[in-house]
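So the structure is just underneath, and the comments pick up after that.
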Amino acid sequence: MNITVDFEVAEKIIDLINEKKYIDDATYEDEMSKIEKLEGMQKMLNYYKGSFDFSTYKELLFKALNNFEYVSEDESLNAVYTYLKKVIEDTERLNNKLRLMRDYDFNKFEKKLVEKLPKNTNVDVDIFFAFDALNGGTIINDKTMMLNTMFWPSKEENLKLIEGILLHEYHHIGFFYWMRKFDRDFDKYSDANGMVRYLIISILGEGAATYFYNDGDDMYPLVLESHGEALAESTRSAMGNRGNNVAEYIRDLEKDIRYIMSSEDDIKELKSFVNKYFYSSNGEPLDKSIGYHMCETIDQELGLEKLIECFEKPNIFLNRYNHASGKNSEFKVAEDIVEFFQ
């Protein structure tokens, strides 16, 4: 396992803030033209290309740093602006984040990671620190992770909290390694059947990484610093109550899968329809909640080895989950969906 880390975007934007290069328009334009060319910035822009381009991002950052008013009909852009405004609230805190990022040992988790993946997992990881404002961490291809600079702790005592976030994302990369062996194009679906398979695989992958590494209040102080009290409380509440509505979520998942499989909508419309499983503005996404429960059930009833086997053969996941659920029919997945996925 080899990990490389790119801090350039974080360093350049923090320097821009420290030196107040955002006050003069010409200076700001010159600095941002250099930042635009950085590989990390291009990675970020490519990830968000459906949400904003560099020109929009540059405007949002400029107005946030200068405390100028910004209002958009696009709520996601309003969110970016709101969270970017937090950057300038405490420059000492921001500089502490950068120092702790530079000093961090990103390679120290290999032993913990391989314990939760099949034997002979072979992954490399490239990490880019971005100023994306929205995510904490995300995977942008089979070996590349993007981390939000603002989400990084500013206090040494909170560094232990970032461990679960990193391991969560590292695990996704290990999971993708095995998914490619199972089906090289599992995420390049072009029809309804492929989308359903991708949805279930995503529930397995997100569920496993969340179950293994994000159990409790580990995200609260990080979200508090990066996104504020409201989202931090919402995240903590969602994580603390993630099991409350699982049976209902599974029934809704069955209905949605049957809808997708019988729908005549084009693939773009169906993709928009299933996005509710992957994103949430006020709590834990559904794929994490459902997947957490399913992975926990398999681990507790059948053992960790039986869960890890699902990473090599994801087509056994739902069948194994139903078997682990025993006689608890309220939580089982309908047999026709289990059979479809096998």
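Residue order for V5, V338, fewest other beta carbons within 10 angstrom first, comes to V5, V338. Panel values: the range 131-274, Kirkwood radius from alpha carbon pairs, Stokes-Einstein at 37 °C and 0.692 mPa s, translational diffusion coefficient 192 µm²/s.
P(r) tail for the range 185-342, what percent of Cα pairs lie past 25 Å?
Working: 3895 of 12403 pairs.
When every Cα pair of the range 185-342 is considered, 31 percent fall beyond 25 Å.
Pick from Y170, Y277, Y292: which residue has the top mean-square fluctuation in a GNM of the chain where Cα pairs under 10 Å get a spring? Largest GNM mean-square fluctuation: Y277.
With one equal scatterer per alpha carbon and no solvent term, the Debye-computed log10 I(q)/I(0) for the range 255-342 at 0.21 1/Å reads -1.13.
A247 to N141: FRET efficiency via 1/(1 + (r/R0)^6), r the Cβ-Cβ distance, R0 35 Å, to the nearest 0.05? Don't skip to the answer; put the middle values down first.
Details: r = 35 Å, r/R0 = 1.00.
The formula returns an efficiency of 0.50 here.
Residues S272, S76 in ascending order of nearby Cβ atoms (within 10 Å, fewest first): S272, S76.
Could you point to the residue in N141, Y83, S280 farthest towards the positive end of the chain's charge dipole, with +1 and -1 charges on the Cβ of Lys/Arg and Asp/Glu respectively? The listed residue farthest towards the positive side: N141.
On C-alpha positions alone, give me the angle between the axis of helix 8-18 and the longest principal axis of the chain, in degrees, nearest 10. Between helix and principal axis, roughly 40 degrees. Rg then Dmax, both in Å and based on the Cα atoms of the range 50-98: 11.5, 34.
Only helices enter this figure: runs of n ≥ 4 DSSP H residues, each worth -39500 (n - 2.57), summed and divided by the residues of the chain, yield -18500 deg cm²/dmol at 222 nm to the nearest 500. Measure nothing fancy, just the Cα-based angle from helix 246-262's long axis to the longest principal axis of the chain, in degrees from 0 to 90, nearest 10. With rounding to tens, the tilt is 80 degrees.
Just subtract the alpha-carbon distance of S33 and S262 from 0.36 nm times their residue separation and send over the number in nm, one decimal.
Working: separation 229, 0.36 × 229 = 82.44 nm, distance 4.83 nm.
So the extension gain works out to 77.6 nm.
Applying the Kirkwood pairwise sum to the alpha-carbon positions of the range 1-54 produces a hydrodynamic radius of 12.3 angstrom. Size check on the range 110-205: the Cα extents along the three principal axes, sorted descending, read 46, 32, 20 Å.
Restricting the count to DSSP beta bridges whose residues both fall in the chain, what percent are antiparallel, rounded to a multiple of 5? Don't skip to the answer; put the middle values down first.
Working: 4 of 14 bridges.
Within the chain, antiparallel bridges account for around 30 percent of the total.
Percent of Cα pairs in the range 1-182 per distance bin of 10 Å, from zero to the largest separation: 9, 36, 34, 16, 5, 0. Bridge orientation summary for the range 1-182: considering DSSP beta bridges with both residues in this region, about 30 percent are antiparallel.
Given R₀ = 35 Å, what would the calculated FRET efficiency be for E305 paired with N96, taking r from the Cβ atoms and rounding to 0.05? Approximately 0.25, to the nearest 0.05.
Take the Kirkwood radius over Cα pairs of the chain, plug it into Stokes-Einstein at 10 °C and 1.306 mPa s, and you get 75 µm²/s for translational diffusion. Computed from backbone phi with θ = phi - 60° and the Karplus coefficients 6.51, -1.76 and 1.60, the 3J(HN,Hα) list for the range 135-148 is 8, x, x, 7, 9, 10, 6, 4, 9, 10, 10, 10, 10, 7 Hz; x is used for glycine and proline.
Taking the C-alpha atoms only, the angle from helix 159-182 to the longest principal axis of the chain is near 50 degrees. Assuming charge only on the beta carbon of Lys and Arg (+1) and of Asp and Glu (-1), the dipole of the chain about its Cα centre is about 760 debye to the nearest 20.
Bear in mind that the values in this text are calculations on the coordinates, not laboratory data. Keep in mind that what you see is a predicted model, and the values were worked out from it rather than measured. Methodologically, a virtual Cβ is constructed for each residue, glycine included, from the backbone with ideal geometry; neighbour enumeration extends over all protein chains shown.
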